[in-house]
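Heads up, the thing below is written out as structure tokens.
The values are calculated or read from the model by the stated rules, or taken from the named source; none is laboratory data. In this text the structure is predicted, and so the values were computed from the model without any measurement. Neighbour counts are summed over all protein chains in view; Cβ atoms, including those assigned to glycine, are modelled from backbone coordinates with ideal geometry. The area values use the complete protein model at the heavy-atom level, side chains included, leaving out ligands, DNA and RNA. Shrake-Rupley method; radii C 1.70, N 1.55, O 1.52, S 1.80 Å.
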Amino acid sequence: MSYFLLDEFENIEPYNPGEQPDDREYLKLNANESSFPPSPKVLEAIDKAHINGMSHYSDPYCWKLRKAIGDHFGVSAEEVFVGNGADEVLSFCLMSFFRPGMKICFPDITYDFYRIYAKAYRLDYEQIPLRDDFTLDIEPYIESDRDVIIANPNNPTGLAIPVSEIERLVASNKNRMVIIDEAYVDFGNESVLPLVKKYSNLVVVYTFSKSRNMPGARIGFAISSKAIIEDMNKIKFAFNPFNLSSLTIEGGCAAVNDEVYFEYCVNSVIKEREEFEKKLSEIGYEVIPTTTNFVFFKAFRTPAGELTAKLKKKGILVRHYDDERVCDYIRMTVGTHDEMERVLVALLEIENSYAGCKLSVTA
Ligand SMILES: *Cc1c(COP(=O)(O)O)cnc(C)c1O
């Protein structure tokens, strides 16, 4: 630590990304990435002219991408904010609307970045416990006077709450900002998006990292009222106007316009997830029903931490959390059919390595 680092940042908590070891080839199912490549239209879109275009700054308003996203979602470009990943979108949102000490709340078990950002921005945050079965009770949020961030569906549990519950929260106090993170909404969930037209205190956050197979491109966006989006852009212009590269803007437009490929990938993941959930249950794991691109299940014979380590030895990376409420669980991305077959073989080998164990799944 240098002489200059602020005291309050001495123990700042860094985000813990899923590990990316390079000692060998791994099947990487620990970060909810995609086994599908980006749309082939992305490569077509980034041609020589755009490479040459890098001799100029990118459009700080990102109009082309905001227009493409707006057209897709049935809103105007002025209602769309784009950022370098949903993480940056969340960061700009907190930077724009929250000063140190302001009150915010989110679930105790959710996307780690909410807590990390709340600390980094020195907010007064409260983590509201999920119920024992990890479902979210909206009442304490409605009763609270705090602003709210909720991931719907949630990560890592994969559970979602109905849009009607969120509407009750948003409507309960128009002076409270409600940020809904819909990173996984495309895998079979209802979106709160229609509520944006009705309520001016709702911000919905999305990403190209999950359902559009582009985590490495770093594209996230928010849809909200024109006033909120204008404010966020104002702050962005005071901080990092050129937050998306010209190549990213082009690639993002191509991806959002390729509806056919998007549907194909999302439907493949949903189908594979349903099949994989069934097989996990057959083996004996307690699987939390989900509508995302990952599964969250409870270890029963080999403890979750050990199972994670044994899978890694077999070249498969999955996510395990130390938090005591979820330390018996494993989160695993749903990949292709062949990949999930490989996972099932590995799980059976591990679980059947004990005397007298003969678990199996139907072919
Ligand atoms: C993956 C994820 C994000 C991050 O999205 P990026 O666009 O890659 O920054 C945000 N929120 C949730 C709930 C996520 O799981």
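Applying the Karplus relation 6.51 cos²θ - 1.76 cosθ + 1.60 with θ = phi - 60° to segment 304-317 yields 3J(HN,Hα) values of 4, x, 5, 4, 4, 5, 5, 5, 4, 4, 8, x, 10, 9 Hz, where x marks Gly and Pro.
In a reduced charge model with +1 at each Lys and Arg Cβ and -1 at each Asp and Glu Cβ, the chain shows a dipole moment near 440 debye about its Cα centre. Using alpha-carbon pairs under 8 Å, 6+ residues apart, how would you state the relative contact order of the chain in percent? Over the chain, the number comes to 23 percent.
The angle between the Cα long axis of helix 163-172 and the longest principal axis of the Cα atoms of the chain comes to about 40 degrees, rounded to the nearest 10. Remark: segment 325-332, residue by residue, has Karplus-estimated 3J(HN,Hα) of 6, 10, 6, 8, 10, 10, 10, 9 Hz, where x stands for each Gly or Pro and the curve is 6.51 cos²θ - 1.76 cosθ + 1.60 at θ = phi - 60°. Rolling a 1.4 Å probe across the protein heavy atoms gives segment 33-136 an accessible surface of 49 Å² per residue.
Using alpha carbons only, how many degrees (0 to 90, rounded to 10) separate the axis of helix 246-257 from the longest principal axis of the chain? On a 0 to 90 degree scale, this one is about 70.
Could you work out the relative contact order of segment 173-227? I mean the mean sequence separation of Cα pairs under 8 Å and 6+ apart, divided by the number of residues, in percent. Contact order relative to length: 35 percent.
Between the residues Phe262, Ala363, Val185, the greatest Cα displacement towards the positive end of the dipole of the chain, with unit charges on the Cβ of Lys, Arg, Asp and Glu, is found for Phe262. The relative contact order of segment 123-272, computed from alpha carbon pairs under 8 Å that lie at least 6 residues apart in sequence, is 16 percent.
For segment 356-363, the Karplus equation 6.51 cos²θ - 1.76 cosθ + 1.60, evaluated at θ = phi - 60°, returns couplings of x, 9, 9, 7, 7, 10, 6, 5 Hz by residue, with Gly and Pro reported as x.
Among beta bridges from DSSP that stay inside the chain, the antiparallel ones total about 50%. All alpha carbon pair distances within the chain were sorted into 10 Å bins beginning at 0; the resulting P(r) in whole percents reads 5, 23, 31, 26, 13, 3, 0.
Of the solvent-accessible surface of the chain, computed with a 1.4 Å probe and all protein chains present, 53% belongs to carbon and sulfur. Between 0 and 90 degrees, the angle of helix 259-283 with respect to the longest Cα principal axis of the chain falls at about 30 degrees.
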